[in-house]
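Shown next, in structure tokens, is the structure this report addresses.
The values are calculated or read from the model by the stated rules, or taken from the named source; none is laboratory data. The shown structure was predicted, so the numbers you read here are calculated from the model rather than taken from an experiment. Cβ coordinates were reconstructed from backbone atoms using ideal geometry, including for glycine residues, and neighbour counts include every protein chain displayed.
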Amino acid sequence: MQEGVPKGEIRGPFTLPSVAYPGTQHTYWIYVPAQYDPATPASLMIYNDGQAFMAPEGDVRAQVVMDSLIYRREIPVMIGVFINPGRRPDQPEPIGSNWGDRDTNRPTEYNTLDDKYARVIVDELLPVLYKDYNISRDPERHGIGGSSSGAIAAFTVAWERPNQFRKVLSNVGSFTNIRGGNAYPDIILKSEKKPLRVFLVDGRNDNRSLRVDGSYDQTRDWFYQNVRMQMALTEKGYDVNYSWGIQRHGQKMLQTVFPEMMRWLWRDHGVSTDVHDTVERSFNAPAKKE
């Protein structure tokens, strides 16, 4: 991190009992930037698979990037929420790069094309956040993101509740036939356009699944299905951006593109309007020496 950047605080873990998925609960942490002022409404960014996005030794370390971007006025002051997939109290918490597919409710919550996980975020989590923090109610100031199944879950939340979430960050999204996610491009083209902004990232060496007989199955080709999503969103006139690399499945690509994704998604809010602010905070600025 650049010298002199104020460091935000990670609060938690907290536990959120679920009504949408009875018998399960969600663990989450809250990032509060140093610039947060309870008197001023803040923006909101939610990350699925929170443990992976905030891991101190992980590929993303989203809270560190947010510290820098907020300080440089490239994104607005925002509360960040790192939420793990739901689990029963007897199931282990996902740790680090372990997605928790075998030990939690993640496959059901993240890959199913219904509104249940959107209910967790909008009807269960948001009221708790509004109670404790001054968060803007403007959906244009609400974003959600994730990787793999967490990415398709983020898109589903915005798709189901565009009146609450308008910005989607998708890394190696599982828009594949796990539970019918490969249907999204056709759904997008047939549906009325929604006010969403989407940034897609994937690598050409992402997963490609074969059928039992060894033949190629394009519905389980992660990169191909991400390209289909980009093409459908573009054809329909969505505000969409994308970055195709060569990486395999995972979060390695976010080491380089995550700041770009955040700047682009939040570009409407990222510039200081204080005419008296003459401090240089661009990425090209030299580190400040005390």
- [ ] May I ask you to list the residues in region 77-95 that are under 16 Å from the mean Cα position of the chain (by Cα) and either modelled with pLDDT under 95 or over 21 Å from ASP132 (Cβ atoms) (or both)?
- [x] PRO85
Task: Lone unmet requirement of (1) assigned to a loop (DSSP other than H, G, I, E, B); (2) out of contact with any Gly (no Cβ under 9 Å at 6 or more places or on another chain); (3) closer than 19 Å to LEU265 by Cβ for ASN177 - done: (3)
- [ ] Could you list all residues from region 180-198 that are in a strand (DSSP E or B) and either more than 25 Å from THR108 (Cα to Cα) or not β-branched (Val, Ile, Thr) (or both)?
- [x] ARG197
- [ ] For region 199-249, name all the residues that are touching a residue at least 24 places away in the same chain (Cβ under 8 Å) and assigned to a loop (DSSP other than H, G, I, E, B).
- [x] ARG204, ASN205, ASP206, ASN207, LYS236, GLY237, TYR238, ILE246, GLN247, ARG248, HIS249
Open item on the list: Just checking, does region 40-50 include any residue being surrounded by fewer than 19 Cβ atoms within 10 Å (Cβ to Cβ), more than 26 Å from VAL172 (Cα to Cα) and more than 17 Å from the chain's Cα centre (by Cα)?
Closed with: yes
Open item on the list: Can you tell me how many residues within region 2-25 are touching a Ser or Thr at 6+ places or on another chain (Cβ under 6 Å) and not polar (S, T, N, Q)?
Closed with: 2
TODO: Give the number of residues within region 204-227 that are buried (at least 19 other Cβ atoms within 10 Å of the Cβ) and touching a helix residue (DSSP H, G or I) at 6+ places or on another chain (Cβ under 7 Å).
DONE: 2
TODO: Go through region 251-265 and count every residue that is farther than 16 Å from ALA154 by Cα and in a loop (DSSP other than H, G, I, E, B).
DONE: 2
- [ ] Spot the failing condition for ILE121; the list is (1) in contact with a Pro (Cβ under 7 Å, 6 or more places away or on another chain); (2) within 25 Å of ARG263 (Cβ to Cβ), and only one is missed.
- [x] (1)
- [ ] Note down all Cβ pairs under 6 Å where the first residue falls in region 149-162 and is at pLDDT below 95, the second is among the β-branched types (Val, Ile, Thr) and crowded, with 24+ Cβ neighbours inside 10 Å, and they're at least six residues apart or on different chains.
- [x] none
Open item on the list: Within region 64-83, does at least one residue satisfy the condition of being of a type in the set (S, T, N, Q) and touching a helix residue (DSSP H, G or I) at 6+ places or on another chain (Cβ under 6 Å)?
Closed with: no
- [ ] Look at VAL77 and say whether it is touching a His at 6+ places or on another chain (Cβ under 7 Å), buried (at least 16 other Cβ atoms within 10 Å of the Cβ) and β-branched (Val, Ile, Thr).
- [x] no
TODO: Name the single residue, out of those in region 54-69 being touching a strand residue (DSSP E or B) at 6+ places or on another chain (Cβ under 9 Å) and without any contact (Cβ under 8 Å) to a residue 60 or more places away in the chain, that is farthest from TYR133 (Cα to Cα).
DONE: MET54
